[in-house]
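**Q** Below are the structure tokens for one structure; questions will follow.
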Amino acid sequence: GRHGATPVHSLAELALLMGRFPDHIRLYGAYLGADLVAGAIVFETPQVAHTQYLAASDTGRAAGALDLLLDWLIREVYPDKSCFSFGISTEEGGTVLNEGLIAQKEGFGGSAFVHDFYEVRLPKPE
């Protein structure tokens, strides 16, 4: 990607998730005429709208299409959510900050916070 980030999900995994949770994963697009120039995949919970993937073409970047799309999502689509999440801005298991990515997110007024991670080992099914 443009900020050096790699996708968490393959296309097949994303299609599987969207099939299993059709009311909680949405794709939004910004168009210039008939051309898709920016898009966002949003995972929804009752309290949170989480942008899992954001993208824009060169034409979309020049037109500010992703900024417009995100502003519309925050103000018009999800104003009642307690949190609009731009997702993580780190790589290598959270040890390296992607400065280009965090700068983009902070440009929308977002701020970083640290997540706690917990691991629970479950017994293997018999």
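**Q** Nothing charged except the Cβ atoms of Lys and Arg (+1) and of Asp and Glu (-1): what's the magnitude of the dipole of the chain about its Cα centre? Round to the nearest 20 debye.
**A** Numbers: 9 positive and 16 negative charges, 29 e Å.
Computed charge dipole of the chain: roughly 140 debye.
**Q** Among 43, 64, 89, pick out the residue whose Cα is farthest towards the positive end of the charge dipole of segment 11-106, where Lys and Arg carry +1 and Asp and Glu carry -1 on C-beta, about the Cα centre.
**A** Among 43, 64, 89, the one farthest towards the positive end of the dipole of segment 11-106 is 43.
**Q** Something else about it: Select one label from [x] 2, 9, 17, 21, 21, 18, 7, 3, 2, 1, 0, 0; [y] 2, 7, 11, 13, 14, 14, 16, 14, 7, 2, 0; [z] 2, 8, 8, 8, 9, 16, 14, 10, 6, 5, 5, 3, 2, 1, 1, 0, 0: the one whose number is P(r) over Cα pairs in 5 Å bins from 0, in percent as derived from the coordinates shown.
**A** [x]
**Q** List the residues whose amide H sits under 5 Å from the amide H of residue 53, counting only those 5 or more places along or on another chain, with H placed 1.01 Å from N in the peptide plane.
**A** The list, which skips near neighbours in sequence, is 41.
**Q** What net charge do the residues around residue 76 carry, taking every other residue with its C-beta under 15 Å from that of residue 76, with Lys and Arg at +1 and Asp and Glu at -1? Walk me through the numbers before you get to the answer.
**A** Working: positive: 26, 75, 81; negative: 44, 67, 71, 80.
Neighbour charge sum, excluding residue 76 itself: -1.
**Q** Go ahead and estimate [θ] at 222 nm for the chain from helices alone: -39,500 (n - 2.57) per DSSP H run with n ≥ 4, summed, over the residue count, rounded to 500. Write down the numbers at each step before the final one.
**A** Values: 4 runs with 32 residues, N = 126.
Mean residue ellipticity, 222 nm, calculated: -7000 deg cm²/dmol.
**Q** Right, here's the next one. Could you compute the net charge surrounding residue 41? Neighbours are other residues with a C-beta less than 15 Å from the C-beta of residue 41; K and R count +1, D and E count -1. Each step should come with its number before you reach the end.
**A** Details: positive: 20, 26; negative: 13, 23, 44.
That sum, taken over residues with Cβ under 15 Å, equals -1.
**Q** Tell me the trypsin sites (Lys or Arg not before Pro) within segment 1-99 that lie in a loop according to DSSP and have at most 14 other beta-carbon atoms within 10 Å.
**A** The qualifying sites are 2.
Bear in mind these aren't lab numbers, they're just calculated from the coordinates by the rules spelled out. These numbers come from a predicted model, not from an experiment. Positions of Cβ are backbone-derived with ideal geometry, glycine not excepted, and every protein chain shown enters the neighbour counts.
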